[in-house]
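Below: one structure, written as structure tokens.
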2 protein chains.
Amino acid sequence: MSQARERGIPDATVARLPLYLRALNGLAERGTATVSSEDLAVAAGVNSAKLRKDLSHLGSYGTRGVGYDVQYLIYQISRELGLTQDWAVAIVGVGNLGRALANYGGFVSRGFRVAALFDADTAVVGERLVGMAVDHIDQLESVIDKRGVSIVVIATPAAAAQQVADRVIAAGVTSILNFAPAVLTVPGGVDVRKVDLSTELQILAFHEQRKADRETGSPMMAGDWAEAMDV
Amino acid sequence: MSQARERGIPDATVARLPLYLRALNGLAERGTATVSSEDLAVAAGVNSAKLRKDLSHLGSYGTRGVGYDVQYLIYQISRELGLTQDWAVAIVGVGNLGRALANYGGFVSRGFRVAALFDADTAVVGERLVGMAVDHIDQLESVIDKRGVSIVVIATPAAAAQQVADRVIAAGVTSILNFAPAVLTVPGGVDVRKVDLSTELQILAFHEQRKADRETGSPMMAGDWAEAMDV
DNA sequence: TCTTGTGAATAGATTCACAGCT
DNA sequence: AGCTGTGAATCTATTCACAAGA
């Protein structure tokens, strides 16, 4: 060991740890006790040098000439990610998406627990879902406080997202996962992660178009934008 | 103009173009005709130098001393992303998540169209959703071909994801958006983007834990992992 | 005077390649 | 003999800071 664990694991590394964890869980299920960086890298779909460097930021948990102990590495990554404790998660917005998220099998992978559901529609309030009754959005602050919610998932329409964010932040929440297609403005110290279907589709469309251009060899002319846009 | 548009827009830039597009659409709705890089950067939540450099990769579409024409920039970004044409999208897996995606308002933002829905459950096949009948997964290849599907969204359980991917790739699809919590292995030339709730939650948990550690000043001891894991 | 577009500087991430340990 | 851990090299992205254009 040497420089590991002092301060700060690179963001790019943190973003890959869940991937490694999933690959490791797959190996563990199949009874694998030990794995080399090369094999784990293949299972996770990354380059093995990158994998080793990523893991080296957590500490020196491998054995030269042998590889990594699967169970031990699962534990170390889980601990680093904070999954050895339980996080109470609230879902705001129980529409199609909110329901899907609440029911999502992988949602409550070890470490997370749906602790509250909120909606503004009184027709939905009181309904039970994954063993939880839906609360009215008026109760947002008090329920968050009472149930110790520390992560909020926003699954409301875009128009409501910012005000939900403002309220949960005022209630002390500093971690938000936003599914609404809106840019959230938050004070420093609050982490927001965004999941956005249309962004992802647009990125795919870009590459798809590139592939099509490459095949036909037509790099697309600028064209008359005013006409195309009906401006 | 000078080096713009020759070959290759950086990936990081491509990933931000949808964000700019959304911010621009918001401005357009409020009737704004012209915007400076500074104001647009604020609306998109990025640094203005980065925004200008990103846009410079598309070409020289601004006016010094003035800013960018909102409509014109919307058109240029849309064109670059391939949104001036229509993409036929298929959703495989009509469970909670698939339904949510199909109904997702922002889904069919300009440029995308749900052209097919598939499920393996015969109880679901035939059901109508957003004007489309659900087809049985047996029809996957023929329907993809007939309707010109070029982007496939996988919203199946993890166990089915790889085989769905294999089949749609064999049917000629080269762009996949994967919501199943599984690592997909695909041949070169196929683009896969992954959206994963548990990965995002885990990244938030990491930062949340860091914040908690910083406050209490206790950097968490290594502890007895064997005991914690029940190994 | 204001704001873009961009070289130059800096920071960050990935990959290479091999010394060092088992 | 095999595989990790890591410096060094490379590549990519971000930020600075200002010349040039409207």
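Residue by residue, here is whether (1) at positive phi; (2) in contact with a strand residue (DSSP E or B) (Cβ under 6 Å, 6 or more places away or on another chain); (3) more than 16 Å from DNA strand C (Cβ to nearest atom) holds:
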{"residue": "A:GLU38", "(1), (2), (3)": "no, no, no"}
{"residue": "A:VAL42", "(1), (2), (3)": "no, no, no"}
{"residue": "A:VAL46", "(1), (2), (3)": "no, no, no"}
{"residue": "A:ALA49", "(1), (2), (3)": "no, no, no"}
{"residue": "A:ARG52", "(1), (2), (3)": "no, no, no"}
{"residue": "A:TYR72", "(1), (2), (3)": "no, no, no"}
{"residue": "A:TYR75", "(1), (2), (3)": "no, no, yes"}
{"residue": "A:TRP87", "(1), (2), (3)": "no, yes, yes"}
Query raised in the report: In this structure, is B:VAL94 surrounded by 16 or more Cβ atoms within 10 Å (Cβ to Cβ), over 30 Å from B:ARG30 (Cα atoms) and away from every other protein chain (no Cβ under 14 Å)?
Result: no
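State yes or no: is B:VAL42 outside any loop (DSSP other than H, G, I, E, B), β-branched (Val, Ile, Thr) and modelled with pLDDT of 95 or more?
When the stated conditions are applied, B:VAL42 passes them.
Quick grid of which residues meet (1) touching an Asp or Glu at 6+ places or on another chain (Cβ under 8 Å); (2) over 18 Å from B:ARG22 (Cα atoms); (3) more than 8 Å from chain B (Cβ to nearest Cβ):
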residue	(1), (2), (3)
A:VAL152	no, yes, yes
A:GLN163	no, yes, yes
A:GLY189	no, yes, no
A:ASP196	no, no, no
Per the filter on the stretch B:149-167, residues open to solvent by 50 Å² or more (accessible area, probe 1.4 Å) and assigned to a loop (DSSP other than H, G, I, E, B) are B:PRO157
Checked the stretch A:107-137 for anything part of a strand (DSSP E or B), open to solvent by 70 Å² or more (accessible area, probe 1.4 Å) and more than 27 Å from A:PRO18 (Cα to Cα); matches are A:ARG128
field: Yes/no for B:GLY67 being farther than 27 Å from A:ALA102 by Cβ, out of contact with any Cys (no Cβ under 9 Å at 6 or more places or on another chain) and within 16 Å of DNA strand C (Cβ to nearest atom)
entry: yes
| Does B:LEU58 satisfy being within 21 Å of A:VAL183 (Cβ to Cβ) and part of a loop (DSSP other than H, G, I, E, B)? | yes
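The values are calculated or read from the model by the stated rules, or taken from the named source; none is laboratory data. What you are looking at is a predicted structure, and each value in this text was computed from that prediction instead of being measured. Heads up, the Cβs are rebuilt from the backbone with ideal geometry, glycines too, and the neighbour counts pull from every protein chain shown. With ligands, DNA and RNA removed, areas are computed over all heavy atoms of the protein, side chains included. Shrake-Rupley method; radii C 1.70, N 1.55, O 1.52, S 1.80 Å.
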